[in-house]
Amino acid sequence: MKSSFLIRYAQAIGMAMLLAATVNSYADRPRIGLVLGGGGARGAAHIGVLKELERQRVPIDAIAGTSMGAIIGGLYASGKTPAELEGIVTTLDWADAMSDTPSREHLSFRRKLDDERYPIALELGVGDKGLLLPMGVVEGQRLDLVLRELTIDVSHIRNYDELPIPFRAVATDVGTGMPHVMAGGDLARSIRASMSVPAIFAPAELDGKLLVDGGIAANLPVDVMRAMDVDIIIAVDVEFPLYQVDELTSAVKISEQMLTILMRRDTLRQIELLSGDDILIRPKLGTFDSGNFADTPETIGPGEEAVLAVSRKLSEVALDEVQFAQHLAQRGAPAPIDSQLAFVRVTDDSSHSSEMLESYLSIAAGDPIDTTLLANAAEDLYGLNIHEQVSYRLVEEGGQTGVEFNARSKSYGPNILKFAVSLENDFEGSTAFNVGTRLTRTGINARGAEWQTDLQLGTDPLLISEFYQPLTEGSRLFVAPRIDLRQRNLNAFSGEDAVARYRISESELGFDLGTHIGSIGEIRVGGYRGRGTARVKVGDPALSTIDFDTGGVLTRLRFDTRDDAQFPRSGIRADLRWNLSLPDIGADERFDTVEAEVEGSWSHGKNSWHVGALYATTLDSKNGIQDLFTLGGFLRLSGLERGEISGPHAAMARLMYYRQVSDSSGGLLEIPIYLGASAEIGNTWQTLSDISFDSALFNGSLFSGFDTLIGPVYLGAGFGEGGRSNYYLFFGAPPRW
């Protein structure tokens, strides 16, 4: 029995000595650092490199990355596996991720009105030195939210040496032109800074510096990795190759070549820092376009093949199965974060109060820590369109986890210009052309006051200025004094014959009290006082000029749930107005007008259907010409000329269909194209008793629509009864009603 004990004791001692020898052998192995270079979409090859390195059981002890290399490297360092990374880059909607446009459901109602009336995507700032441009075509709002979702598990880690794999991200300091190495802070923000391609992405502000893509200063940061105390460096170069001389056939390619030369010069310097023990990997990507994110899966295979080509040298540092399993286990998983939010707050660098901004959040303390909820809340704030970017980060305070939303004001604000252009031509000599701009001054006070002024020049000139003032911080109640100056054309009829065309000029002062209905609508009640004239423009010059005074109270309910203002696929838009003209407030006579416009949209696949109706009537009025309603023009009885018929009573219904035959999935600059048709029925009447189905006019149209960056463009043909027809070129948002 004693000998049996001694045998077991000796076996235990032997196993312990063997394990100690294994651990010591593992501990004495060289530290290996991985350098992942920048290269845009070509950088997805890094995933193939990581997959094959793991298959060959090559341990990675530190990572440094630039641009796309910072994305892949940062996510791998945070605990993502190569398989997870492959799933991310192959399923991510890159076109959407590189867009700043918030989903329309996240826009505040005031911004929905901007979106409908001023569809041109470009906006400018107005400052003391003139017009100001945004610092980049893309601010990176969507990309930032994607990165935050992918790094949420390590968002509480501020020192990158505490990640499962120590990590460094490299950007370029615009102020000095030197590399800026990020070893801590907000991981998502550091990755975003490293890939801020100048003139495309706006620079990122970090550590008091203005940072752009690290590829400009250090596209393959070997020296950064050398400073991380490693013994062997594996560097992966995915830079775009130089064009051959016979390929330099355009100014664009020559410009690309010059940038590649500048970047390549530093990359070659970095490669010279590699020693004989280090390993350089260059996936054979040919001329795969750095901007071709739609086909990134094609680069993963070449990444794997490039690692296989250096397998013999990698075998010298590869571990056996037990050692590699131990290496993966030692990386560990990030410490779990809390499941619920203990607090929610907003920081802002403008005059807006935290209370006002927090009132727009769709998340509160006690809600689960869920990236979808957090992203939606950030989008709700961004949908106010008063910030350049809205991001979030988890914060630990007093042993509890909360979320802090950081709202950064527009660098070109607070005075923002938006634009609209409208051209309607029927190829028969009738043309309407307008150019409009909206100037919005934001951040006037802590409650979120805005001063908005519209100026339109052309066929229908106007000047409208409104001061919007919420009554309290976080309140949906507001007051809005306004001034409205405008001109328009109107046909006058004798029976069914047009006898004159009048030019109507109106000026009006008003004061509204209103409330928002969430982000989908608003209701207003207000009073107004105005004056106007109607002068004969075409017709018998003996017809006298009409002077009139207006005044009364107005109630208006509007709501909008459409997913797109120009080519909606779902949602409802409604505008209901009741106007009571009162001599006690200065009007020439007492009467009521009621106007109702409603349209709904739904879709299946690429097919969309839209049903809408309009009804407008005047009660107890002498039917002054200034109070008449008009129809005629594209989608408003398309077989008739613009504003061809008018009367104190109008009604119309429309069924419209269109199919999307092209979209932007193949590239950011591809224009969505639609083919469609409409069926329209309606008329205007001089008396209520005239209204009947038999007297309604049937019209329709066939059209193609193009959703461009500067607004919608339509080319169509309208048809009416009696062989009436019109052909339209319409540029800008058409008047739906």
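Which residue is nearest to residue 230 (Cα to Cα), if the candidates are limited to the range 275-286 and must be surrounded by 14 or more Cβ atoms within 10 Å (Cβ to Cβ) and out of contact with any Ser or Thr (no Cβ under 8 Å at 6 or more places or on another chain)? Looking at residues that are surrounded by 14 or more Cβ atoms within 10 Å (Cβ to Cβ) and out of contact with any Ser or Thr (no Cβ under 8 Å at 6 or more places or on another chain), I get 278. Criterion applied to 596, 534, 616, 565 was being more than 20 Å from residue 505 (Cα to Cα), part of a strand (DSSP E or B) and open to solvent by less than 20 Å² (accessible area, probe 1.4 Å), and the one residue passing it is 616. Taking first residues from the range 83-102 that are open to solvent by less than 30 Å² (accessible area, probe 1.4 Å) and partners that are among the polar types (S, T, N, Q) and in a loop (DSSP other than H, G, I, E, B), the Cβ contacts under 9 Å between residues at least 6 apart in sequence or on separate chains come to 102/385. Could you list, in sequence order, all residues of the range 346-361 that are in contact (Cβ under 8 Å) with a residue 12 or more places away in the chain and surrounded by 15 or more Cβ atoms within 10 Å (Cβ to Cβ)? Scanning the range 346-361 gives 346, 348, 350, 351, 352, 353, 356, 357, 358, 359, 360, 361. How many of the residues making up the range 181-223 are out of contact with any Pro (no Cβ under 8 Å at 6 or more places or on another chain), open to solvent by less than 20 Å² (accessible area, probe 1.4 Å) and part of a strand (DSSP E or B)? Residues in the range 181-223 being out of contact with any Pro (no Cβ under 8 Å at 6 or more places or on another chain), open to solvent by less than 20 Å² (accessible area, probe 1.4 Å) and part of a strand (DSSP E or B): 3 in total. Tell me, please, whether a residue that is under 44 Å from the mean Cα position of the chain (by Cα) and on the phi < 0 side of the Ramachandran plot can be found in the range 540-550. Yes, some residue in the range 540-550 is under 44 Å from the mean Cα position of the chain (by Cα) and on the phi < 0 side of the Ramachandran plot. Scanning the range 22-70 for residues being within 24 Å of residue 149 (Cα to Cα), open to solvent by 10 Å² or more (accessible area, probe 1.4 Å) and modelled with pLDDT of 95 or more gives a total of 1.
The condition of being within 22 Å of residue 384 (Cα to Cα) and surrounded by 17 or more Cβ atoms within 10 Å (Cβ to Cβ) holds for only one of 476, 524, 486, that being 524.
Could you say whether any residue in the range 394-417 is part of a strand (DSSP E or B), under 27 Å from residue 524 (Cβ atoms) and open to solvent by less than 30 Å² (accessible area, probe 1.4 Å)?
Within the range 394-417 (the criterion being part of a strand (DSSP E or B), under 27 Å from residue 524 (Cβ atoms) and open to solvent by less than 30 Å² (accessible area, probe 1.4 Å)), the answer is yes, since at least one residue qualifies.
Cβ-Cβ distances below 7 Å connect the following pairs, each with a first residue in the range 30-52 that is under 20 Å from residue 262 (Cα atoms), a second residue that is modelled with pLDDT of 95 or more and small (Gly, Ala, Ser), and a separation of six or more residues or different chains: 35/64; 35/235; 36/65; 36/69; 36/73; 37/69; 38/69; 43/69.
Please enumerate the residues belonging to the range 424-446 that are under 15 Å from residue 717 (Cα atoms), part of a loop (DSSP other than H, G, I, E, B) and not charged (D, E, K, R). Selection gives 427, 430.
Given the conditions (1) outside any strand (DSSP E or B); (2) touching a helix residue (DSSP H, G or I) at 6+ places or on another chain (Cβ under 8 Å); (3) open to solvent by less than 20 Å² (accessible area, probe 1.4 Å); (4) under 27 Å from residue 99 (Cα atoms), report the number of the one that residue 377 does not fulfil. For residue 377, the exception is condition (2). Restricted to strands (runs of 3 or more DSSP E) entirely inside the range 623-735, those with at least 3 residues that are within 34 Å of the chain's Cα centre (by Cα) are 649-662, 673-685, 697-708, 711-720, 725-731. Residues in the range 456-473 that are in contact (Cβ under 8 Å) with a residue 24 or more places away in the chain and open to solvent by 60 Å² or more (accessible area, probe 1.4 Å): 471, 472, 473. Taking every residue in the range 430-455 that is over 16 Å from residue 731 (Cβ atoms) and pairing it with any residue that is assigned to a loop (DSSP other than H, G, I, E, B) and among the β-branched types (Val, Ile, Thr), at least 6 positions away or on another chain, the pairs with Cβ-Cβ distances below 7 Å are 442/386; 443/386; 447/472; 450/442; 450/444; 451/444. Of all the criteria given as (1) over 22 Å from residue 83 (Cβ atoms); (2) part of a helix (DSSP H, G or I); (3) not hydroxyl-bearing (Ser, Thr, Tyr), the one not satisfied by residue 335 is (2).
Only a single item in (1) open to solvent by less than 50 Å² (accessible area, probe 1.4 Å); (2) over 19 Å from residue 241 (Cβ atoms); (3) not in a loop (DSSP other than H, G, I, E, B) is not met by residue 319, and it is number (3). Residues that are at pLDDT 75 or above, of a type in the set (D, E, K, R) and outside any loop (DSSP other than H, G, I, E, B) were ranked within the range 237-274; the one that is most open to solvent (accessible area, probe 1.4 Å) is 265. Is at least one residue of the range 322-336 under 28 Å from the mean Cα position of the chain (by Cα) and open to solvent by less than 40 Å² (accessible area, probe 1.4 Å)? No: zero hits. The residues of the range 103-118 that are open to solvent by 30 Å² or more (accessible area, probe 1.4 Å) and either outside any helix (DSSP H, G or I) or over 24 Å from residue 475 (Cα atoms) (or both), listed by number, are 103, 116, 117.
Say whether the condition of being under 21 Å from the mean Cα position of the chain (by Cα) and aliphatic (A, V, I, L, M) is met by at least one residue in the range 290-309. Yes, the range 290-309 contains a residue that is under 21 Å from the mean Cα position of the chain (by Cα) and aliphatic (A, V, I, L, M). A single member of 295, 289 is in a helix (DSSP H, G or I), open to solvent by 50 Å² or more (accessible area, probe 1.4 Å) and not aromatic (Phe, Trp, Tyr), and it is 295.
Just one of (1) at pLDDT 90 or above; (2) farther than 21 Å from residue 558 by Cβ; (3) in contact with a Phe, Trp or Tyr (Cβ under 6 Å, 6 or more places away or on another chain); (4) open to solvent by less than 30 Å² (accessible area, probe 1.4 Å) fails for residue 609. It is (4). Only a single criterion out of (1) in contact (Cβ under 8 Å) with a residue 24 or more places away in the chain; (2) within 22 Å of residue 719 (Cα to Cα); (3) crowded, with 16+ Cβ neighbours inside 10 Å is not satisfied by residue 632, namely (1). Please specify each residue of the range 125-151 satisfying the condition of being of a type in the set (A, V, I, L, M), open to solvent by 20 Å² or more (accessible area, probe 1.4 Å) and assigned to a helix (DSSP H, G or I). Selection gives 146, 150. Each residue in the range 423-473 was checked for being modelled with pLDDT under 90, of a type in the set (S, T, N, Q) and under 27 Å from residue 351 (Cα atoms), and 1 of them qualify. Of all residue pairs spaced 6 or more apart or on separate chains, those with beta-carbon atoms under 6 Å, a first member in the range 534-562 that is free of Cβ contacts under 8 Å to residues at least 60 places away in the same chain and within 18 Å of residue 624 (Cβ to Cβ) and a second member that is of a type in the set (D, E, K, R) and part of a loop (DSSP other than H, G, I, E, B) are 549/588.
The values are calculated or read from the model by the stated rules, or taken from the named source; none is laboratory data. None of the values given here were measured: they were computed from a predicted structure. Please note: Cβ atoms are built from the backbone with ideal geometry, for glycine as well, and neighbour counts cover all protein chains shown. The accessibility values were calculated without ligands, DNA or RNA, using every heavy atom of the protein model including side chains. Shrake-Rupley method; radii C 1.70, N 1.55, O 1.52, S 1.80 Å.
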